[in-house]
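Engineer: Sharing a structure with you now.
Read the figures in this text as sums done on the coordinates, not as results from a lab. Remember, predicted model here, so these are calculated numbers, not experimental data. Cβ sites come from the backbone with ideal geometry, for glycine too, and all protein chains shown count toward neighbours.
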2 protein chains.
Amino acid sequence: MKETKSKYAVLGMLSINPMSGYDIKKRVGESISNFWSESYGQIYPILKRLVDEELVTKTVERQSGKPDRHVYALTERGRKELHRWLAEGAVPKVERNEFLLKLFFGEEISPTINIKHVEKYREIQLHLLEKYEMIKQEIENKHADDSNLPYWLMTLRYGQHVSQALLRWCDETLLTLNKIRKVGRKHGV
Amino acid sequence: MKETKSKYAVLGMLSINPMSGYDIKKRVGESISNFWSESYGQIYPILKRLVDEELVTKTVERQSGKPDRHVYALTERGRKELHRWLAEGAVPKVERNEFLLKLFFGEEISPTINIKHVEKYREIQLHLLEKYEMIKQEIENKHADDSNLPYWLMTLRYGQHVSQALLRWCDETLLTLNKIRKVGRKHGV
DNA sequence: TCAATATATATCTGAGTGATATATATTGAG
DNA sequence: CTCAATATATATCACTCAGATATATATTGA
């Protein structure tokens, strides 16, 4: 099995609690959806292979009516493998940003349309900041005594710093675009 | 053909200049590599399909010795299709951030290792800021009269705002991690 | 002279996303 | 009460995309 990051996302989730594939998908959505995503198409095959590698164990809980719950738990080897990966440095890779791609070719269309795009992007950052603040309140209450809390807050602060910076960038960019709109009228208003 | 973003990255590049698949790959690397990437595995099949759709034309330039140059140029329809896409709003999608994923599970390993990771990340932001400043000087000289310049600078400023914010986040986070290292000694120093 | 680099097209494997299929229980609006 | 929506739960498929590799030649510099 390759060093796919999904493997470690799954191991990491199981390090917090034993759970099913369905739980993992849900938990990822609740806790790390601001910087990570996993699909069933990844989770289920990975869980199978993790069992083969003896990094996790599988227990089937029968439920009346509903499908069986396949609950996966980290083994000692699984935890070691997670630690090994956590200790390795991550090489950041370029994330595709469609919004910036459009702006890069922005000269092709009218400033007015570009302004609309940036304004919408600004709105998104405002909503994100509200969301982050809500999450902060929530986890500070819910996990007050959890030793994971400081780390979870760090990832949250990351998002806050970025969104605040993007808000400033939007304001700066809107000024520039408005200047362009006033002088050149190549594409009309 | 689906609405794959690679299609529009290719159309966008050709809107600046007619060029070969090889040129496109190189130009993407030179101009938008901070927020976009394209592979040959995408570029060559897409160029073929763009010709079928009559969004681009293909001209073969024979060269002695070297392989033929297949030069692609945007048609009027191609430019319209690019404009149509540029006018559409982009829905931002979550970018996976491996660094944050590791930090989220940071409690599993020693603060010392996490500190090293954040310090390295801080270094990366410093290098990025240097790089952005160099690119700024370069394109302001090279494309002083190009009407694309303001848009190119906007995407550059985006990177600068983000990296500056991340630098501040790193400093804040290092303070927190050092506090954790001092109090709890669960994993040793 | 020879290695490294640049020019140039093309394909393949594997990672990852999103949609879909299948099946049942619960919950709330009308 | 009924029906739609939502939640629980596992699983697969099609498609996008990245990265490596194959192939072939010209130029540049140690």
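Engineer: Quick test for you: out of A:Glu133, A:Glu107, A:Glu123, A:Glu172, pick the one residue that is buried (at least 19 other Cβ atoms within 10 Å of the Cβ) and among the charged types (D, E, K, R).
Structural biologist: Of the residues listed, the single one that is buried (at least 19 other Cβ atoms within 10 Å of the Cβ) and among the charged types (D, E, K, R) is A:Glu107.
Engineer: Right, another one. Among the residues of segment B:83-95, are any part of a loop (DSSP other than H, G, I, E, B), closer than 18 Å to A:Leu153 by Cα and touching a helix residue (DSSP H, G or I) at 6+ places or on another chain (Cβ under 9 Å)?
Structural biologist: No, there is no match, as no residue in segment B:83-95 is part of a loop (DSSP other than H, G, I, E, B), closer than 18 Å to A:Leu153 by Cα and touching a helix residue (DSSP H, G or I) at 6+ places or on another chain (Cβ under 9 Å).
Engineer: Cβ-Cβ distance below 6 Å, separation of 6 or more or different chains: which pairs start in segment A:37-54 with a residue that is within 14 Å of A:Tyr8 (Cβ to Cβ) and end on one that is among the β-branched types (Val, Ile, Thr) and in a helix (DSSP H, G or I)?
Structural biologist: A:Glu38/A:Val28; A:Ile43/A:Ile24; A:Ile46/A:Val10
Engineer: Quick one: how many residues across segment B:10-27 are within 17 Å of B:Lys80 (Cβ to Cβ) and out of contact with any strand residue (DSSP E or B) (no Cβ under 9 Å at 6 or more places or on another chain)?
Structural biologist: Going through segment B:10-27 one residue at a time, the tally reaches 2.
Engineer: Among the residues of segment B:157-179, write down those that are free of Cβ contacts under 8 Å to residues at least 12 places away in the same chain, of a type outside the set (Gly, Ala, Ser) and touching a helix residue (DSSP H, G or I) at 6+ places or on another chain (Cβ under 7 Å).
Structural biologist: Listed by number, the residues that qualify are B:Arg157, B:His161, B:Val162, B:Arg168, B:Trp169, B:Glu172, B:Thr176.
Engineer: If you don't mind, there's one more thing I want to ask. Does B:Leu74 fit the bill of being surrounded by 17 or more Cβ atoms within 10 Å (Cβ to Cβ), in contact (Cβ under 8 Å) with a residue 12 or more places away in the chain and within 14 Å of chain A (Cβ to nearest Cβ)?
Structural biologist: Values: surrounded by 17 or more Cβ atoms within 10 Å (Cβ to Cβ): yes; in contact (Cβ under 8 Å) with a residue 12 or more places away in the chain: yes; within 14 Å of chain A (Cβ to nearest Cβ): yes.
Answer is yes for this residue.
Engineer: Being surrounded by 18 or more Cβ atoms within 10 Å (Cβ to Cβ), within 29 Å of B:Leu128 (Cα to Cα) and either within 16 Å of DNA strand C (Cβ to nearest atom) or not β-branched (Val, Ile, Thr) (or both): is that true of A:His117 here?
Structural biologist: Judged against the criteria, A:His117 is a match.
Engineer: Determine which member of the set A:Leu103, A:Leu129 is at the interface with chain B (Cβ under 8 Å from one of its Cβ atoms), more than 16 Å from DNA strand D (Cβ to nearest atom) and within 24 Å of the chain's Cα centre (by Cα).
Structural biologist: Answer to the selection: A:Leu103.
Engineer: Next question. Being outside any loop (DSSP other than H, G, I, E, B), away from chain A (no Cβ under 11 Å) and under 23 Å from A:Glu108 (Cβ atoms) is true for just one of B:Ile115, B:Ile135. Which residue is that?
Structural biologist: Step by step, each of B:Ile115, B:Ile135 is checked, and only B:Ile135 is outside any loop (DSSP other than H, G, I, E, B), away from chain A (no Cβ under 11 Å) and under 23 Å from A:Glu108 (Cβ atoms).
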